[in-house]
Number of protein chains: 2
Amino acid sequence: MSKRYTVAIVGATGAVGRKIAEKLAERDFPVKSIKLLASAKSAGTELSYNGHPVTVEEARPEAFEGVQFAFFSAGGAVSKVLAKEAAARGAIVIDNTSAFRMDPNTPLVVPEVNPQALAQHSGIIANPNCSTIQMVCALEPLRKKAGVKKVIVSTYQAVSGAGSAAIDELEKESRGLREVTPNPSVLPVKSLEKHYPIAGNLLPQIDVFEDNGFTFEELKMMNETKKIMELPDLEIAATCVRVPVVTGHSESVYVETEKELSLDEIRQVLAEAEGVVLQDDPANQLYPMPLYAEDQDPVYVGRIRKDPHTPTGIHLWIVADNLLKGAALNSIQIAEKMIELGLVKEVQE
Amino acid sequence: MSKRYTVAIVGATGAVGRKIAEKLAERDFPVKSIKLLASAKSAGTELSYNGHPVTVEEARPEAFEGVQFAFFSAGGAVSKVLAKEAAARGAIVIDNTSAFRMDPNTPLVVPEVNPQALAQHSGIIANPNCSTIQMVCALEPLRKKAGVKKVIVSTYQAVSGAGSAAIDELEKESRGLREVTPNPSVLPVKSLEKHYPIAGNLLPQIDVFEDNGFTFEELKMMNETKKIMELPDLEIAATCVRVPVVTGHSESVYVETEKELSLDEIRQVLAEAEGVVLQDDPANQLYPMPLYAEDQDPVYVGRIRKDPHTPTGIHLWIVADNLLKGAALNSIQIAEKMIELGLVKEVQE
């Protein structure tokens, strides 16, 4: 990686945008120059990259001239307008919104799972939903070893997945657990009519409801998993729940494989899986917990059990930082993988 | 119910003991006189019943002379020693610990589900685990209509299930979400070596681990459900997780019935089920949440969805107050049902 690249971050002032800048520097991503882009309102804000001050510019089509990697994390509406403008100017767009994820012409990629999909890109790569990414990191090694037939997942999702306003809301509600007189306005879905407290509570709604009773978040997990794993017939269903945790999504996952695996085989497969760290030692009370996954790169897997009735059934508890592997880190890993695979066009200097 | 009964509460100073006293008064249970019993350490404490002061006495065998209903909620060790002493003196023991639940000679009862089991008692009736009770209230009406074959449940359990010390721990940890320097000593399991913060965290361990990797809490849910529903071959598996909620257990449940039900049939069956309140109106963001289930009697069921792949598969979200229907209320309902069924021996006045 001796070449260096011109990088733009769209949504640079947001929670994920900031994590992308942090992680690019931390990972020594070969940045030649960086543009921090945001709405006109945020333009002029002074941020920093790798210790150097950078002034935020307005995200307009012309801002992408000369950009090679554009990380988008400013909401689906912005991506729908600007991603194609950036791609038309030669940038590889790595989009962290749901705008293009289910578009058949857009690769939806977790580098540990389906790097081969990157070759088919036409300028835009979609970064999957946070809950999906951490789950497929644990499912893919099982699929490779024994096939995967059925998945039932219940999530325990942190508020940072709903942005920094949701973190502020939880924090405000948490000052004095019993005396809370909350006036929620962000969760479960800011744009909808009703809002409920999250401190001391659980919200079994993430994103809007669809006609079949599933939420859009649940359908994202179901459909994105099928696409990433190239398993259109996977029998998958999700229940997504917001919990009073700041950062770190957790998932209780039941998987049925095609072939039966022993507990030792399951452990070995997961211990060797790229990006996965096994935390599974009940005797020493070692298991994944979101508080300890915050700011960490890996997907943690533990509480591994064979189902007592179905020989091919496996129970897993999967935890990861939703802002890192669930968003910023995976986006950067996509860019790194494209460089590694020689998929980035040369530009004239 | 013109007759009145002498009642004892063992563990009267504890969280569930106090709820039992409150609920007996609130429900106009036919109490002739009440004895509040606890450890020698708590003897002499002044409590109240229905507005009248009552002095706590030490729970000794002789204290049960003349008692007709003895509600035990002082831990398994106390029940193992004193429940038989109380029963030998003619009391009907309703035991809220795990001491006798799996004893084949002890009925394990949720009055809406298996009142018929009460007739076989020999002095002791076991009150099931809190997580089990609320789940079987929703499963039983489905079983009656269509049979139940398989259950995969992931729980979101409140800290009050671990006693008032756990509530205090969460409260202390919650003052200032980011600046917490917690020094946990209660959760996940007080008697074990390691303790982790619950504020802003999730603990995928409730009770101790067994050799098969399931926790005792998970096995309780699995075994108790089979016993209560009289379904020894039920394919059930549980994952139990503690969440930073004070009171109110929640459950994401996947059920496979024997016969296929339509969504309307499922809704109707649950809407008509005794003790169940349907809260399932996605368009109006109506679904069960623990914060709103606190201090309420019913088992709330919502987020009802047909599985997208398995025609007999159903997804449910079930919430109830773990101290009420999960403990105190169910215990009292057992006593009420025994009176109603004429199962309480006459005593000489």
List the extent of the Cα atoms of the stretch A:218-349 along each of their three principal axes, largest first, rounded to whole Å.
-> 62, 34, 29
Just the Kirkwood number for the stretch A:140-232, please: inverse of mean 1/r across all distinct Cα pairs, in Å, one decimal.
-> 15.4
Count the net charge of all other residues whose Cβ sits under 14 Å from the Cβ of A:I124, scoring Lys and Arg as +1 and Asp and Glu as -1.
-> +1
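Averaging over all projection directions, find the projected area of the Cα convex hull of the stretch B:48-136 and quote it in nm² with one decimal place. Walk me through the numbers before you get to the answer.
Details: hull surface 26.7 nm².
The directionally averaged projection comes out at 6.7 nm².
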When we measure straight from the Cα of B:K190, which lysines land under 28 angstrom away, once same-chain ones fewer than 8 places off are left out?
-> A:K306, B:K19, B:K41, B:K80, B:K84, B:K172, B:K220, B:K325
GluC sites (Glu not before Pro) within the stretch B:188-248, DSSP loop, no more than 14 other Cβ atoms inside 10 Å = B:E193, B:E210, B:E230
Anyone know which of A:L192, A:L37, A:L139 comes out most mobile in the 10 Å Cα GNM of chain A?
-> A:L192
Axis carrying A onto B: which residue of A has the nearest Cβ, and how far, whole Å?
-> A:S154, 2
How far is it, in nm, from the label point at A:E26 to the one at B:E26 when both lie 7 Å from their Cα along the line to the Cβ?
-> 4.8
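Quick one: in the stretch A:155-284, what % of C-alpha pairs are over 23 Å apart?
Details: 3990 of 8385 pairs.
Taking all Cα-Cα pairs of the stretch A:155-284, the fraction more than 23 Å apart is 48 percent.
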Intensity falloff of the stretch A:91-147 expressed as log10 I(q)/I(0), Debye formula with alpha-carbon point scatterers, at q = 0.12, 0.24, 0.30 Å⁻¹ | -0.28, -0.95, -1.23
The ratio Rg/Rh over the Cα atoms of the stretch B:105-184, Rh being the Kirkwood inverse mean 1/r radius, stands at 1.17
How big is the gap, in Å, between the Cα center of the stretch A:1-30 and the Cα center of the stretch B:89-127?
-> 63
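Suppose the chain between B:K172 and B:R60 were pulled fully straight at 0.36 nm per residue; how much longer would it get relative to their current alpha carbon spacing? If you can, show how the numbers build up before the last one.
Values: separation 112, 0.36 × 112 = 40.32 nm, distance 3.52 nm.
Separation in residues times 0.36 nm, less the Cα-Cα distance, equals 36.8 nm.
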Percentage of interatomic Cα-Cα distances in the stretch B:1-113 larger than 21 Å = 32
Rounded to a whole number, what is D in µm²/s for the protein assembly as shown from Stokes-Einstein with the Kirkwood radius over alpha-carbon pairs (37 °C, 0.692 mPa s)?
-> 123
Relative contact order for the stretch A:131-322: what is it in percent, counting Cα pairs under 8 Å that are at least 6 residues apart?
-> 28
From the label point of A:V81, set 7 Å along Cα to the beta carbon, how far off in nm is each other copy's matching point, shortest first?
-> 7.3
Report the dimensions of the stretch A:204-257 along its three principal axes from the alpha-carbon atoms, largest first, rounded to Å.
-> 33, 26, 17
Inter-copy label distances at B:S48 (7 Å, Cα→Cβ; nm, one decimal) = 6.0
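Hey, what D do you get for the stretch A:258-335 in µm²/s if you plug the Kirkwood alpha-carbon radius into Stokes-Einstein at 20 °C and 1.002 mPa s?
Here the translational diffusion coefficient equals 158 µm²/s.
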Summed side-chain charge close to B:E272 - residues other than B:E272 whose Cβ falls under 13 Å, Lys, Arg +1, Asp, Glu -1 = -2
Chain B, Gaussian network, Cα under 10 Å: of B:G51, B:G200, B:G123, the residue fluctuating most is B:G51
Among A:N127, A:N284, A:N105, the residue with the largest mean-square fluctuation in a Gaussian network model of chain A built from Cα contacts under 10 Å is A:N284
Computed curve, chain A, Cα-only Debye sum without solvent term, log₁₀ I(q)/I(0) at 0.09 Å⁻¹, is -0.49
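Read-outs throughout are calculated quantities, based only on the coordinates presented, and are distinct from any laboratory measurement. All figures in this text were calculated on a predicted structure; none of them were measured in a lab. Backbone-built Cβ (ideal geometry, glycine too); neighbour counts: all protein chains shown.
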